[in-house]
Amino acid sequence: MWTSIEQHLRSERVSRVIYGAIIGMALIVVLESHPPSPLACEITLIATGLAVALAELYSEVIGEWTRTRKRVERHHVRHIAGDVAAVFFGIVFPGFYFLISAIGLMKIETAFTLTKWTGVGLIAAYGFAAARLSGASWKTSLLHAFTVGVIGAALIAFKALVH
């Protein structure tokens, strides 16, 4: 399992997951202002993930096609699809809290709180991993994770100030 995690952390898909997580957090912050049902929140995350993923897939394929001036081969589309799946994952990752809320095991307010802070935690964990893999010390890596976590928390704080 650690080998798979390390391979993932060394891949270009890390940036895609983070990108998706930021989109997901922004969506959650907006939904929280006038929260729909927990199931509607989950469906909104999935629909947004699919919309962004399909837009990314289309733009990447068309971009590759125009850059190379030749048809994009199937194996290259599969590679692009893997990157796109990482964005989708980043968007929907913390959404399982809404499923738990939909079946009545958690209040929707708790689901929103856990979803936002899970997103911040995911972004901070990637920041920590990036620093460690680049050779930074534990202290520097923790500082890096804290810094990027604060950026994620700033989005949540900004929402709190606005509403």
Subset of the stretch 104-125 (residues that are surrounded by 14 or more Cβ atoms within 10 Å (Cβ to Cβ) and farther than 17 Å from Gly152 by Cα): Met106, Ile108, Ala111
Report the residue count in the stretch 10-32 for those that are among the hydrophobic types (A, V, I, L, M, F, W, C) and under 13 Å from Asp83 (Cα atoms). 3
Which one is surrounded by the fewest Cβ atoms within 10 Å (Cβ to Cβ) among residues in the stretch 126-141 that are modelled with pLDDT under 90 and in a helix (DSSP H, G or I)? Leu133
Out of the helices (runs of 4 or more DSSP H) lying entirely within the stretch 1-91, which hold 3 or more residues that are in contact (Cβ under 8 Å) with a residue 24 or more places away in the chain and not charged (D, E, K, R)? 13-33, 38-68
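Quick check: is even one residue across the stretch 18-37 loosely packed, with under 14 Cβ neighbours inside 10 Å and modelled with pLDDT of 90 or more?
Step one: list which residues in the stretch 18-37 are loosely packed, with under 14 Cβ neighbours inside 10 Å, which gives 30, 33-34, 36-37.
Checking the rest, the ones that are also modelled with pLDDT of 90 or more come to 36-37.
Looking through the stretch 18-37, at least one residue is loosely packed, with under 14 Cβ neighbours inside 10 Å and modelled with pLDDT of 90 or more.
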Could you identify the single residue in Phe96, Phe88 that is of a type in the set (Phe, Trp, Tyr), within 18 Å of Leu50 (Cβ to Cβ), crowded, with 21+ Cβ neighbours inside 10 Å and under 19 Å from the mean Cα position of the chain (by Cα)? Phe88
Every residue from the stretch 117-132 that is of a type in the set (A, V, I, L, M) and in contact with a helix residue (DSSP H, G or I) (Cβ under 6 Å, 6 or more places away or on another chain): Val120, Leu122, Ile123, Ala124, Ala129, Ala131
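The values are calculated or read from the model by the stated rules, or taken from the named source; none is laboratory data. Worth saying up front: this structure is predicted, and the values here are computed from it rather than measured. Cβ coordinates were reconstructed from backbone atoms using ideal geometry, including for glycine residues, and neighbour counts include every protein chain displayed.
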